[in-house]
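The structure under discussion appears below in the form of structure tokens.
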Amino acid sequence: MTFDAAEPMPGIMLSPMITAVSYDADRLVLSVHFQDWPSRDLPWNDAALAELIGKMPGTAGMSLSDVGRAMGGLYPGMSDADLGKATDTFLLFLSQNDMLHWWFGTAQQPLCILHPQSHLFFPRFSLGPLPDGVVLSRFVFMRRDEDAVLLENPEYHAVLRFTAAGRDLLPVVFAHSASDAAAEVISSHQAFWHFLWCSGFLETGATDTPSRQAWDFHDRVFHAGSRSFLGLARLGIREHLNDTVAPPPAQKPAMSNRKINLLRTRDGEETPQSRPLSSVMETRHSVRHPGHFPLSLADLGVFLWRTASVRGQGSGGGQELLKRPMPAGGSIHELEFYIAVHRCDGLEPGLYHYHGSEHALYALPTKPPYVQAIVSRAAGGMGQPDILPDCVIVMASRLLRLAWKYQAISYRLSLLHAGVAMETFYLVAEDMGLSPCAVGNGDSSLFSIATGLPEDEEAAIGEFVLSGRQLTGTAGGESGLLQ
């Protein structure tokens, strides 16, 4: 595609993080100096290209047309096809070494700047003309970052930042070629629409393969934002929170004055009696029906002692740390455990918070319909809405405890921790002869209403059903208590 030099067009600029570029012809090394990053020496055997790069720091760079002309001047005997390949190779090398950003507009006034988020990202200007039926990708979204407007592409790992002069392009982004009005808007900004196409922000029906259709929007965004794809974004690094926000304490204060102390072992036992781990893992399974016997307060106490109790407290990295039977990233243990009780021998129905250090439950002043709703929602999640389990353990994340250290991956870590907790619950429940079942859905708003806790402070991220013991048939047809 050709561009009129007087019209906005695509171009390139060196990353603003680059402070200087120098070339050592004796060593055939291009030295790139980054702000706040270590300098990097790259193998380089072309002094002319090194001189071209050296002119770019601190400027808006060059339009792609100017890059093409400059490359033609450096290699006058090269065919157009070979020159195009050489230019692509040159730009790809810069991009994969964190050196290149792309823009649309003019060198004097970029309208938007394209920031790669991965070494895998490279605009595909070799795609040629726009195909018919091209529309905005269903994964692309817009958001605000301080005073800037960003268009993010989680599929191809790039962020398009609009300058103040480029805000008029936003209607083009959300135009749809199926309507006459949208087609007119796109036609008047054909070069920008083509820029979006080459950058992966647009799609066609052929783009949406069956494998791609398996991804929902929120899953793709979460996956891209919490994993590294040969990425340029630093994940899991403390940046701003630890400079402005004090780390939350490891243990919450008591949430009421109604305390129920719990047992650590069954009556008459000095330590819990356990089967071999291999046996427990082989026989572990989900039990969706409540037990023939109600869950007892004694069993609930032993279960919580073996899974979620706090066995020690320390400090590290500027915040308080905990030791529990289950592992957690950084020993931070941001999960809190709430028990919605429908049926428990020795404990009234209601909602309770488990205090791990005290190994005690604190009854919360929650209205019975909310408790009933939590239990009913879990029953529905197990496919039997009319058969209520004995209790539901709600896992809530105090995300700030994790985000204070891990930032971009904190929510992902919390979900991993909830999965670890579920497996721990399964194994201990199986060993004790109780009836466990993980629940795939849950209602975070219902938890917030029931506890009065804002979702920003604690968000319910997982539910687990625990019921009492089952009767099991013997070989002779008689019934006996399971384990």
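The values are calculated or read from the model by the stated rules, or taken from the named source; none is laboratory data. Not measured: the values here are computed from a predicted model. Cβ placement follows ideal geometry from the backbone for every residue including glycine, while neighbour counts extend to all protein chains displayed. Heavy atoms of the whole protein, side chains included, go into the accessibility calculation; ligands, DNA and RNA do not. Shrake-Rupley method; radii C 1.70, N 1.55, O 1.52, S 1.80 Å.
Data for the structure
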quantity: So residue 399, is it closer than 29 Å to residue 281 by Cα and either open to solvent by 50 Å² or more (accessible area, probe 1.4 Å) or in contact with a strand residue (DSSP E or B) (Cβ under 7 Å, 6 or more places away or on another chain) (or both); calculated: no
quantity: Residue check for residue 321: among the aliphatic types (A, V, I, L, M), closer than 22 Å to residue 252 by Cβ and crowded, with 19+ Cβ neighbours inside 10 Å; calculated: no
quantity: Hits in segment 246-294 (condition: more than 16 Å from residue 425 (Cα to Cα), at pLDDT 90 or above, open to solvent by 100 Å² or more (accessible area, probe 1.4 Å) and touching a helix residue (DSSP H, G or I) at 6+ places or on another chain (Cβ under 9 Å)); calculated: 261
quantity: Close pairs from segment 85-111: first under 25 Å from residue 38 (Cα atoms), partner open to solvent by 40 Å² or more (accessible area, probe 1.4 Å) and part of a helix (DSSP H, G or I), Cβ under 6 Å, at least 6 apart; calculated: none
quantity: Subset of segment 115-139 [modelled with pLDDT of 85 or more and hydroxyl-bearing (Ser, Thr, Tyr)]; calculated: 118, 137
quantity: Odd one out for residue 120, checked against (1) in a strand (DSSP E or B); (2) under 22 Å from the mean Cα position of the chain (by Cα); calculated: (1)
quantity: Only one of 410, 444 that is among the polar types (S, T, N, Q) and surrounded by 20 or more Cβ atoms within 10 Å (Cβ to Cβ); calculated: 410
quantity: Given (1) open to solvent by 20 Å² or more (accessible area, probe 1.4 Å); (2) closer than 25 Å to residue 222 by Cβ, number of the condition residue 334 does not satisfy; calculated: (1)
quantity: Elements of type strands (runs of 3 or more DSSP E) in segment 1-117, at least 1 residues being buried (at least 18 other Cβ atoms within 10 Å of the Cβ); calculated: 9-14, 18-24, 29-34, 100-105, 110-116
quantity: Pairs with Cβ under 7 Å, 6+ apart, first in segment 35-50 and without any contact (Cβ under 8 Å) to a residue 24 or more places away in the chain and closer than 10 Å to residue 23 by Cβ, second open to solvent by less than 70 Å² (accessible area, probe 1.4 Å) and not basic (Lys, Arg); calculated: 44/23; 44/29; 44/30; 44/50
quantity: Test for residue 415: is it farther than 17 Å from residue 303 by Cβ, open to solvent by 20 Å² or more (accessible area, probe 1.4 Å), touching a strand residue (DSSP E or B) at 6+ places or on another chain (Cβ under 7 Å) and modelled with pLDDT of 95 or more; calculated: yes
quantity: Complete set of residues in segment 312-332 that are touching a strand residue (DSSP E or B) at 6+ places or on another chain (Cβ under 8 Å) and either part of a helix (DSSP H, G or I) or among the charged types (D, E, K, R) (or both); calculated: 320, 323, 330, 331
